[in-house]
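Engineer: I'd like to ask you about the structure that follows.
What follows draws every value from the coordinates through simple rules; no lab data is involved. Remember, predicted model here, so these are calculated numbers, not experimental data. Cβ atoms come from the backbone with ideal geometry, glycine included; neighbour counts cover every protein chain shown.
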Amino acid sequence: MIRVEAEAERDEIRRVVITGDFFSASEDFVEKLEAALRGRRIVEPELRELVEGFFEREGVEVVGASPQDFATALLKALAAASSSKD
């Protein structure tokens, strides 16, 4: 399970925190992914491509989750953050 907390402002990601029940030999991949996401526009295809491309470029392998799982969790968190502001 992946948990994402996110805050957005003017259609851009301002803060993102990723936690969950997954394991990777890459100790700092979560921090790198969070940094790569900050300041990005909230456009679903672009964010999915960014997340999936990050895993490929960094050579990150995760036990218990796929890059698509991370992208989906991110988009759900952003949607929830957006609806809570309304």
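Engineer: Quick one: helix 44-58 against the long Cα principal axis of the chain, what's the angle to the nearest 10°, folded into 0 to 90?
Structural biologist: 20 degrees
Engineer: Around Ala25, with a cut-off of 12 angstrom between Cβ atoms, what is the net charge of the other residues, counting Lys and Arg +1 and Asp and Glu -1?
Structural biologist: Result for the local shell: -4.
Engineer: DSSP loop (so not H, G, I, E, B), at most 14 other Cβ within 10 Å: list which trypsin sites (Lys or Arg not before Pro) in the stretch 28-86 pass both filters.
Structural biologist: Sparse-neighbourhood loop trypsin sites (Lys or Arg not before Pro): Arg38.
Engineer: What are the GluC sites (Glu not before Pro) within the stretch 25-86 that DSSP puts in a loop, where the Cβ has at most 15 other Cβ atoms within 10 Å?
Structural biologist: Glu27, Glu61
Engineer: Hey, another quick one. Helix 67-85 against the longest principal axis of the chain: what's the angle in degrees, Cα atoms only, rounded to the nearest 10?
Structural biologist: Helix 67-85 sits at roughly 20 degrees to that axis.
Engineer: Continuing with this model, one more query. So what's the back-of-envelope 222 nm ellipticity for the chain, counting only DSSP H runs of four-plus at -39500 (n - 2.57) apiece and dividing by all residues, rounded to 500?
Structural biologist: Result for the chain: -16000 deg cm²/dmol, rounded to the nearest 500.
Engineer: OK, next. Which one, (i) 1.56; (ii) 1.02; (iii) 1.73, gives Cα Rg over 2.2 N^0.38 Å as derived from the coordinates shown?
Structural biologist: Computed from the coordinates, Cα Rg over 2.2 N^0.38 Å corresponds to (ii).
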